[in-house]
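What follows is a single structure, written as structure tokens, with notes after it.
The values are calculated or read from the model by the stated rules, or taken from the named source; none is laboratory data. What you see is a predicted model; the values in this text were computed from it and never measured. Heads up, the Cβs are rebuilt from the backbone with ideal geometry, glycines too, and the neighbour counts pull from every protein chain shown.
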Amino acid sequence: MQESAAGTTDAQAEVAEKSRADAHPDQAFGSDPLAVRESDHYAEEYNEGFVDKWDELIDWKGRYESEGSFFVDLLRKHGVESVLDAATGTGFHSVRMLEAGFDTTSVDGAAEMLAKAFENGKQYGDYVLKVVHSDWRWLSKDVQGKYDAIVCLGNSFTHLFDENDRRKALAEFYAVLKHDGLLIIDQRNYDSILDDGFSSKHTYYYCGDQVSAEPEYVDDGLARFRYEFPDGSLYHLNMFPLRKNYLRRLLREVGFQKVDTYGDFQEAYGNDNAPDFFVHVATKE
Ligand code: SAM
């Protein structure tokens, strides 16, 4: 469903009412979920129940198969040794990178996510994750040293609603990278969702076929997604619909010299509407 950003429409009121009736009580979206457009809200959205469900949602095995070695190959191609996983979540990419031999540090702003990632590290290969609880906007305060690469994956950057927060987070990423470091950051194809309506084939990131992940409401400043699980449980995430060229511009403006964008892991992805996800590779040199 797509809506205009202007005013409160009947449809908007209906969505807000439905969200109120259905929402998981711990997620604390309040009486008007469509008004929740804050960069600080993510930690409440990823409460314990949702964190446990997240692994069902992202389906590690399916994701492993569909992503293949795309990120590992990119990191190797750039001679990377140390990587900071800025949006660790439940640890999928941290484990993948440890397995590939990278010196990996796992950051997240949500403590529940890091706890689950630590458990998953033990479970999938007996890795002891080096975890750092930090918000991207103050990353250099919490993280020691400089890294060859930062990855911020799984459509995570979309959690920042304010342009100043986005600029600050990217500047912090830039600061903790070595002089020739690179940032790999991905996003849903929100241009296509905003311009043409939602049509994701759910091929890459949300590959759990038991789980439906659909936008419940979209305007220029909010994409509210609804995640429904086989046991009937229902969760929501409020996200900012980042446009592809806007994020590319921000990356250049904070100082990254070159930004290459892949669509669904392909360098030549043709039409901008076709991919479900974009991956940006931004380099300092
Ligand atoms: N990368 C993981 C994946 O692909 O499965 C997790 C993705 S999840 C959509 C987004 C993650 O970003 C969450 O774990 C959330 O806590 C984290 N996050 C969101 N905003 C953040 C911020 N400002 N600082 C640090 N972490 C943040």
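Annotations for the structure displayed:
- Residues of the stretch 144-171 classified as more than 23 Å from residue 35 (Cβ to Cβ) and away from the ligand (no atom under 11 Å from the Cβ), total: 10
- Leading residue by the ranking (surrounded by the fewest Cβ atoms within 10 Å (Cβ to Cβ)) among those in the stretch 172-204 that are within 18 Å of residue 264 (Cβ to Cβ) and within 12 Å of the ligand (Cβ to nearest atom): 204
- From the list 103, 108, the lone residue that is over 26 Å from residue 240 (Cβ atoms) and of a type in the set (Asp, Glu) is 103.
- Residues being of a type in the set (A, V, I, L, M, F, W, C) and either part of a loop (DSSP other than H, G, I, E, B) or more than 10 Å from the ligand (Cβ to nearest atom) (or both) - total across the stretch 51-86: 9
- Subset of the stretch 137-195 [acidic (Asp, Glu) and touching a Cys at 6+ places or on another chain (Cβ under 8 Å)]: 186
- Annotation note: Cβ proximity below 6 Å between a residue of the stretch 174-195 that is touching a residue at least 40 places away in the same chain (Cβ under 8 Å) and a residue that is of a type in the set (Phe, Trp, Tyr) and in a helix (DSSP H, G or I) (sequence gap 6+ or interchain) occurs for 183/173; 185/157.
- Per-region count, the stretch 141-159, residues touching a His at 6+ places or on another chain (Cβ under 9 Å) and in a loop (DSSP other than H, G, I, E, B): 3
- Residue 218 vs. criteria surrounded by 14 or more Cβ atoms within 10 Å (Cβ to Cβ), farther than 15 Å from residue 155 by Cβ, of a type in the set (Val, Ile, Thr) and at pLDDT 85 or above: no
- Top-ranked residue in the stretch 87-130 [being part of a strand (DSSP E or B) and either of a type outside the set (A, V, I, L, M) or more than 12 Å from the ligand (Cβ to nearest atom) (or both); ranked as surrounded by the fewest Cβ atoms within 10 Å (Cβ to Cβ)]: 103
- Residue within the stretch 228-235 that is touching a residue at least 12 places away in the same chain (Cβ under 8 Å) and under 29 Å from residue 181 (Cβ atoms) present: no
- Of the residues making up the stretch 235-255, those that are of a type in the set (A, V, I, L, M, F, W, C) and in a strand (DSSP E or B) number 2.
- The number of residues in the stretch 253-273 that are more than 17 Å from residue 71 (Cβ to Cβ) and free of Cβ contacts under 8 Å to residues at least 24 places away in the same chain comes to 3.
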